[in-house]
Amino acid sequence: MNNTPPPIVEIHDLSRLFGTLHAVDTISFTMQTGQVVGLIGANGAGKTTLMRMLATLDQPTSGSISILGADAIMHPELIRHRIGWMPDDFNVYNNTTVRDYLDFFARAYGLKGNTRRDTVNRLLEFTGIPDLADRFIDKLSKGQKQKLGLARMLVGDPELLILDEPAAGLDPKARLDFKQHIHDLAKQGKTILISSHILSELSEMCSDLIFMDNGKIIKSGTQDELLQMASAETDIFIRCIGDPAPLVRWLENRDGWQRIVPLPQGASAVCTLDSDEALSAELKALCLELPILEFTPRRRNLEEAFVSILSEHLPPIPPQA
Ligand code: ATP
């Protein structure tokens, strides 16, 4: 008997066309209960379009979405109240205090009396804004509004949270607070999908990452899997005396070098040899043939690995000081 619980989110071959533009292009993935997944991609990659469909706010052109066992396309009403959606830019009602705003949403969820009051107080505490309860919303800073948006999303105690660029525009302290909120919510067992175009921001919050470009998933996996992939490649800056052309030709004629970029004082290249010993032998051979002054090896980090996936023509990485 298979005891694996069914995924909380199951997307299959999902596409969304705007005219002829494939904003989301045959995407499939699943999310398990309690997973915190980061959706990373450049501007226009399709993150918001994908998230809006998951939040049942937009209909796909084709494909299927199952959320909490329900067909989210045919029967969005069955699961909408179990999904929390935090858009990147949400409208607030300006002539309203923070407490009244949350109270309004708690009413919309059918909460009554003490339960409603306790819920609002708990969310004010959780998001760290109890002191702002009587402040008018239009007097809040960007970070304070984000906290209020988070509190609003949690009013109905949803199981699946979808946050579109929640940390954009926040200062470092507000970002730290936000990260802590995500950790706390994950501990409570929420399943969370967060988008950003800043990988470092997501990498500290998410167990898994999905990398999108042009409406498609380019790569996905756990942080460890992606880091392994990143560290499999070493970028090396090689400085030589005089004209770098012979150096570039030498690298091009060998196995184990890719993305060779000529530079004024040498070249930069990615070494794909799989051991330090092999790399050492290769560099020794190079020094025997050409007037080499300096090597500066550098492991790729996760951000650079993603850039390299995105573009086969990497700009050279400058040598470290
Ligand atoms: P960003 O990081 O800039 O928010 P994104 O990854 O969220 O970008 P989307 O907003 O999903 O990207 O947009 C994906 C593509 O679909 C873009 O080319 C965008 O111009 C286009 N698009 C989005 N919404 C619409 C719409 N309503 N009508 C036409 N095109 C749209």
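The values are calculated or read from the model by the stated rules, or taken from the named source; none is laboratory data. From a predicted model like this one, the values you see are computed outputs, not experimental measurements. Please note: Cβ atoms are built from the backbone with ideal geometry, for glycine as well, and neighbour counts cover all protein chains shown. The area values use the complete protein model at the heavy-atom level, side chains included, leaving out ligands, DNA and RNA. Shrake-Rupley method; radii C 1.70, N 1.55, O 1.52, S 1.80 Å.
List of remarks:
- Qualifying residue in segment 141-155 (condition: on the phi > 0 side of the Ramachandran plot and either among the hydrophobic types (A, V, I, L, M, F, W, C) or without any contact (Cβ under 8 Å) to a residue 40 or more places away in the chain (or both)): no
- Qualifying residue in segment 163-176 (condition: away from the ligand (no atom under 16 Å from the Cβ) and open to solvent by less than 10 Å² (accessible area, probe 1.4 Å)): no
- As a summary of the residue check, VAL9 satisfies the conditions (1) in contact (Cβ under 8 Å) with a residue 40 or more places away in the chain; (2) more than 15 Å from the ligand (Cβ to nearest atom); (3) open to solvent by 20 Å² or more (accessible area, probe 1.4 Å) except for the one numbered (3).
- Tally of residues being in contact with a helix residue (DSSP H, G or I) (Cβ under 7 Å, 6 or more places away or on another chain) and either surrounded by fewer than 16 Cβ atoms within 10 Å (Cβ to Cβ) or modelled with pLDDT of 90 or more (or both) across segment 133-159: 13
- Those residues of segment 107-132 which are among the aromatic types (Phe, Trp, Tyr) and open to solvent by 50 Å² or more (accessible area, probe 1.4 Å), in sequence order: TYR109
- When ILE198 is tested against the conditions (1) under 16 Å from the mean Cα position of the chain (by Cα); (2) of a type in the set (A, V, I, L, M, F, W, C); (3) open to solvent by less than 10 Å² (accessible area, probe 1.4 Å), the lone failure is (3).
- Listed by first and then second residue, the pairs with beta-carbon distance under 6 Å, at least 6 apart or on different chains, first residue in segment 92-113 and in the same structural domain as ARG152 (by TED's automatic domain parsing) and over 18 Å from THR127 (Cβ atoms), second open to solvent by less than 40 Å² (accessible area, probe 1.4 Å) and among the basic types (Lys, Arg), form an empty list.
- Filtering segment 27-73 to residues that are within 13 Å of the ligand (Cβ to nearest atom) and part of a loop (DSSP other than H, G, I, E, B) leaves ALA42, ASN43, GLY44, ALA45, GLY46, ALA55, LEU57, ASP58, GLN59, PRO60, THR61.
- Taken together, the residues in segment 201-221 that are in contact with a Lys or Arg (Cβ under 7 Å, 6 or more places away or on another chain) and surrounded by fewer than 17 Cβ atoms within 10 Å (Cβ to Cβ) amount to 1.
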